[in-house]
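Novice: Quick one: structure below, then a few questions.
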Amino acid sequence: MYTILCAFFQCFILASYVSSSSSLRPIFNATQLTHEIVTFDTQAVRDAAVPFSRSLLGLSIEFCYITTYLGDVNQPNMLSFQLLQNIQNLIGSPPRIRVGGNTQDVAQYCHHCPQTLNNTFVPGNTEAVNVTFNKNLFVVLNENIPSEQEYIFGLNLGQNNIQYPFAEFTAAETYMNLSRFTAYELGNEPDIYYPYKGKRGPDWDVVAYASQTASFLLQFTASLSKARTKDFPGYMYASITDLDGPFSFASLVKLRVPQVVEDIKIMSRHCYFGLACLPELVPLTPLKLLLNHHNTLSTAGEFIPSIETAKSVGAKFFMGETNSIACHGVAGVSDTLGAALWMLDYSLTSATLGIDGLYFHNGVSFHYSVWEPTTVNGTAPHAKALYFGFLFFADLVSDLYNPRISHISSLDEIDLAHYAVYSSTRELQKLVIINLDYCNSTVPRTYKTFNVSSIFGKGLIVKRLTGGSSVAITGITWVGQTVNREGNLAGSKTVEECKDGVVTVGSSEAVIIERV
């Protein structure tokens with residue numbers, strides 16, 4: 001690991017020589033940079049700080065691809081293992097995995113089937129239309145992952161028959177290391193079963209959903225032994241797209257589902273910032289929109305009533321499936337450095353609002369995936385842009401065990417986001433600055449300098465997420481390191497040390513600032 005000592009601009013300049021893949025930044029003199037003196041109401045920001053989970057960021061993996069991501073019995077996917085292990089090395093546990101998505105609603109447990117997991121696809125659809133799995137899937141979930149891996153396991157509500165989810169539930173309870181389960185999830189986006197998904201008829205409404213799911217979940221719990229009920233993790237409920245319509249949290253609480261099914265521990269919503277389900281929808285969510293901090297604040301803020309409703313019944317609130325653009329993302333948008341910066345801004349904003357977890361969705365050849373687990377169109381498996389956002393967040397909380405976070409809104413601009421991170425005793429530990437300014441081959445990167453000496457003093461440590469431009473897909477680095485084909489962090493670790501309290505942040509970069 002290199003630690004770079006600096007005075008004034010030298011921190012910025014020397015770091016560029018050992019940071020990795022982007023071209024060397026120009027050397028500026030003092031007249032070519034403007035400075036911002038960072039000041040804010042420290043008492044108000046500290047008072048507004050809320051607890052947030054070190055496990056805030058999770059992975060949602062499309063059910064039909066879970067063995068592609070994790071491998072088969074005695075054949076682990078070593079790239080996935082290492083990428084998960086990297087995060088565990090930083091914070092003690094890897095990102096929790098939700099095994100779910102559209103294909104959980106076509107999955108069936110088949111005890112006598114020969115394959116661990118078998119998918120049936122139809123042309124033009126990258127999500128399986130039928131999935132079967134046997135007990136070996138639980139061997140994979142138990143063994144092919146780091147030691148502290150946990151899961152949310154999706155059950156099939158889509159086929160409208162309790163025998164399917166009950167068989168899955170019973171098999172999981174029989175063959176799974178149950179300490180690895182955080183929750184079971186019954187159904188995926190049931191609010192659009194009719195007419196969009198064609199999984200129910202016109203009589204499907206929130207009352208029918210509430211009645212059926214309460215009945216199913218109570219039967220699952222009733223099947224448990226007395227010993228198991230004491231440590232049963234419970235259920236993640238709803239997993240809906242509906243914000244304030246008939247399937248809203250408020251409607252479900254009014255129908256008393258969480259009150260009747262006491263094992264509902266989490267209430268879940270799904271959120272995407274755009275749609276790519278039809279060609280004409282793709283241009284409506286350009287990368288510049290994701291890089292608009294005000295848009296991120298507005299979108300996340302829409303969930304405040306849902307968060308409050310979940311907490312009112314003693315449940316956590318998870319964004320159980322989320323990412324940039326629904327229907328698998330958009331190339332050149334969802335797989336870029338800009339998308340990783342958006343993910344960080346969205347996640348940290350969500351933390352300040354009381355969201356307990358965000359599960360970024362993944363699948364083979366999905367543009368927004370955190371990594372590609374297998375060879376696709378001749379391209380070898382590899383980590384993608386969003387993975388660097390996971391590394392950034394893991395580093396942020398790695399030495400904080402009950403962290404708190406506050407949004408410093410007084411400093412924000414449309415392309416700048418600022419967050420203060422505190423210890424459990426409300427002592428300011430770190431500042432995060434995300435520069436969301438757009439740059440590419442024709443729009444040059446610009447730089448902003450921040451004098452944080454009045455907040456942190458002059459001795460600083462700076463850790464940087466960067467790449468060639470907002471649209472960079474490769475060559476992205478965190479603290480000067482990239483990720484190689486085996487999933488290992490590669491290159492010299494570069495931590496910048498400054499002695500004058502001044503930090504420079506370029507377009508489409510993010511930094512963590514700490515005291516020396």
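The values are calculated or read from the model by the stated rules, or taken from the named source; none is laboratory data. Keep in mind that this is a model prediction, so the values were computed, not measured. Using ideal geometry, Cβ is built from the backbone for each residue, glycine included, and neighbour counts are taken over all protein chains shown. Side chains included, ligands, DNA and RNA excluded: accessible areas come from the protein's heavy atoms. Shrake-Rupley method; radii C 1.70, N 1.55, O 1.52, S 1.80 Å.
Novice: Just checking, how many residues over segment 275-285 are in contact (Cβ under 8 Å) with a residue 12 or more places away in the chain and surrounded by fewer than 16 Cβ atoms within 10 Å (Cβ to Cβ)? Step through it out loud before you land on a result.
Specialist: Going through segment 275-285, the residues in contact (Cβ under 8 Å) with a residue 12 or more places away in the chain turn out to be 275-277, 282, 285.
Checking which are surrounded by fewer than 16 Cβ atoms within 10 Å (Cβ to Cβ) leaves us with 275, 277.
Total satisfying the criteria: 2.
Novice: Shifting gears a bit: Can you find even one residue in segment 193-209 that is in contact (Cβ under 8 Å) with a residue 24 or more places away in the chain, among the small types (Gly, Ala, Ser) and open to solvent by less than 30 Å² (accessible area, probe 1.4 Å)? Quick ask: steps written out before the conclusion?
Specialist: Within segment 193-209, the first condition is being in contact (Cβ under 8 Å) with a residue 24 or more places away in the chain, and the residues that meet it are 193, 197, 199-200, 205-207, 209.
From what's left, among the small types (Gly, Ala, Ser): none.
Within segment 193-209 (the criterion being in contact (Cβ under 8 Å) with a residue 24 or more places away in the chain, among the small types (Gly, Ala, Ser) and open to solvent by less than 30 Å² (accessible area, probe 1.4 Å)), the answer is no, since none of the residues qualifies.
Novice: Report every pair of residues separated by at least 6 positions or lying on different chains whose Cβ atoms are under 7 Å apart, first residue within segment 373-386 and within 21 Å of residue 323 (Cα to Cα), second charged (D, E, K, R).
Specialist: 381/372; 382/372; 382/485; 384/335; 384/372; 385/335
Novice: Would it be correct to say that residue 452 is among the aliphatic types (A, V, I, L, M), over 16 Å from residue 391 (Cβ atoms) and open to solvent by 10 Å² or more (accessible area, probe 1.4 Å)?
Specialist: no
Novice: Would you be able to tell me the number of residues in segment 288-318 that are assigned to a helix (DSSP H, G or I), under 18 Å from the mean Cα position of the chain (by Cα) and not polar (S, T, N, Q)?
Specialist: Count: 6.
Novice: Scan segment 153-163 residue by residue and report those that are open to solvent by 10 Å² or more (accessible area, probe 1.4 Å) and within 29 Å of the chain's Cα centre (by Cα). Talk me through it step by step, then tell me what you get.
Specialist: First, pick out the residues of segment 153-163 that are open to solvent by 10 Å² or more (accessible area, probe 1.4 Å): 159-163.
Residue satisfying the conditions is 159 alone.
Novice: Let me ask another. I need every pair where a residue in segment 232-260 that is on the phi > 0 side of the Ramachandran plot has its Cβ under 7 Å from the Cβ of a residue that is at pLDDT 95 or above and open to solvent by 30 Å² or more (accessible area, probe 1.4 Å), sequence separation at least 6 or different chains.
Specialist: The qualifying pairs are 234/263; 234/265.
Novice: So which residues in segment 314-341 are surrounded by 23 or more Cβ atoms within 10 Å (Cβ to Cβ), under 19 Å from residue 96 (Cβ atoms) and not small (Gly, Ala, Ser)?
Specialist: To start, the set of residues in segment 314-341 that are surrounded by 23 or more Cβ atoms within 10 Å (Cβ to Cβ) comprises 315, 317-325, 329-330, 333-341.
Narrowing the set further to residues that are under 19 Å from residue 96 (Cβ atoms) leaves 315, 317-323.
Selection gives 317, 318, 319, 321, 322, 323.
Novice: Mind listing just one residue for me: the one in segment 401-435 that is assigned to a loop (DSSP other than H, G, I, E, B) and open to solvent by less than 10 Å² (accessible area, probe 1.4 Å) and, of those, farthest from residue 333 (Cα to Cα)?
Specialist: We begin by selecting, within segment 401-435, every residue assigned to a loop (DSSP other than H, G, I, E, B); these are 401-403, 408, 412, 414-415, 423-427.
From what's left, open to solvent by less than 10 Å² (accessible area, probe 1.4 Å): 403, 408.
Numbers: 403: 31, 408: 27 Å.
Looking at the filtered set, the residue picked out is 403.
Novice: Also, I was wondering about something else. When you scan segment 436-462, how many residues do you find that are touching a residue at least 40 places away in the same chain (Cβ under 8 Å), assigned to a loop (DSSP other than H, G, I, E, B) and among the hydroxyl-bearing types (Ser, Thr, Tyr)?
Specialist: Total meeting the criteria: 2.
Novice: Additional query: With touching a residue at least 24 places away in the same chain (Cβ under 8 Å), farther than 30 Å from residue 336 by Cα and open to solvent by less than 10 Å² (accessible area, probe 1.4 Å) as the only criterion, which of 310, 300 stands out? Let's see the steps before the verdict.
Specialist: Working: 300 fails: farther than 30 Å from residue 336 by Cα.
Only one candidate passes the filter, namely 310.
Novice: Any chance segment 371-394 includes a residue that's open to solvent by less than 10 Å² (accessible area, probe 1.4 Å), assigned to a loop (DSSP other than H, G, I, E, B) and of a type outside the set (Asp, Glu)?
Specialist: Yes: one or more hits.
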